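See structure below.
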Amino acid sequence: MKKYTFTEKKDTRSGFGDGLTELGKTNPNVVALCADLIGSLKMGDFAANHPERFFQVGIAEANMMGMAAGLAIGGKIPFTGTFANFSTARVYDQVRQAIAYSEKNVKICASHAGLTLGEDGATHQTLEDIGMMKMLPGMVVINPCDYNQTKAATIAIADYDGPVYLRFGRPKVPVFMPTDEKFIIGKAINLTEGADVTIVATGHLVWEALQASEVLEKKGISAEVINIHTIKPLDEKAILDSVKKTGCIVTAEEHNKLGGLGESISRVLAVNNPTPQEFVAVDDSFGESGTPMQLMEKYNLDSKSIVAAVEKVILRK
């Protein structure tokens with residue numbers, strides 16, 4: 001089995017910031033809007049070097065979405081920046097009406113997603129955003145796994161014509177994806193080959209899935225790990241090809257088990273190839289204050305939980 005290692009940890013929000021910096025140099029149509037969180041979203045470099053293309057909106061997220069839609073009408077490629085909770089729940093009407101329904105070329109870039117926002121607690125964390133955004137017709141939903149993939153995704157979505165929700169996080173996590181790997185929207189990445197179980201993970205849970213696969217290998221269980229960075233459009237072929245080999249699947253995500261990646265995969269399996277499935281996700285609850293590591297452990301979003309889910313689902317084959 002292929003082994004993945006890392007030499008450093010970096011936050012995925014810095015991948016977004018560095019990707020935006022590169023776009024500032026290469027694409028003059030890219031503009032950026034921020035709701036009073038320049039430092040948190042790592043947008044400072046873009047703002048300093050391209051002040052004529054940067055708009056500090058303040059704590060007025062709904063207005064920011066309307067401005068972004070207007071800029072898109074004018075031929076610009078707007079990237080909005082705020083926390084994931086404020087990019088979705090606070091502005092859902094504006095996103096639905098002004099961006100999704102109108103098919104505007106707006107990139108909604110959402111940091112501090114999931115539980116790993118940490119100490120700020122449930123009011124700032126979001127575990128519903130993937131479900132909310134994937135249900136909007138025409139909205140692409142992307143949740144990259146590390147710094148390198150987030151930077152690549154940020155650059156790639158500028159070339160995509162249409163609304164995109166790009167989700168990333170606050171904590172420093174292992175950087176393990178290649179720096180030169182091209183980001184292809186809607187194309188899953190098969191990280192390890194396996195015969196006994198498919199593990200499909202997204203975002204911060206991809207690294208945990210890889211760690212789980214190594215533990216499982218020692219137990220004599222061969223796991224195929226797939227990195228689903230694009231939740232919509234979903235790479236259905238990659239999932240179906242894998243479960244045909246393995247006969248069972250575990251999905252892992254830093255999101256409510258209701259409405260997330262796992263449920264999208266359940267639909268694909270139900271229609272095409274009913275397969276035993278277990279979910280590693282938050283069990284229909286809000287989060288709470290704590291360090292990212294404490295919260296991941298308490299809410300069963302770690303490699304240990306993935307191993308337990310695999311051992312359970314294999315018995316159902």
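Could you list, in sequence order, all residues of the stretch 95-124 that are closer than 30 Å to Gly75 by Cα and surrounded by 24 or more Cβ atoms within 10 Å (Cβ to Cβ)?
Once the filter is applied, which keeps residues that are closer than 30 Å to Gly75 by Cα and surrounded by 24 or more Cβ atoms within 10 Å (Cβ to Cβ), the stretch 95-124 yields Val95, Ile99, Val106, Lys107, Ile108, Cys109, Ala110, Ser111, His112, Ala113.
Among (1) in contact with a Lys or Arg (Cβ under 7 Å, 6 or more places away or on another chain); (2) farther than 22 Å from Ala110 by Cα; (3) of a type in the set (A, V, I, L, M), which single condition is Leu216 missing?
Condition not satisfied by Leu216: (1).
Say whether the condition of being charged (D, E, K, R) and crowded, with 23+ Cβ neighbours inside 10 Å is met by at least one residue in the stretch 190-204.
no
Return the total of residues in the stretch 143-176 being out of contact with any strand residue (DSSP E or B) (no Cβ under 9 Å at 6 or more places or on another chain) and closer than 20 Å to Leu37 by Cα.
Selection size over the stretch 143-176: 1.
Computed from the coordinates by the stated procedures, all read-outs in this text should not be read as laboratory data. Please read all numbers here as calculations on a predicted model, not as lab measurements. Ideal geometry is used to build each Cβ from the backbone, glycine not excepted, and the neighbour counts take in all protein chains shown.
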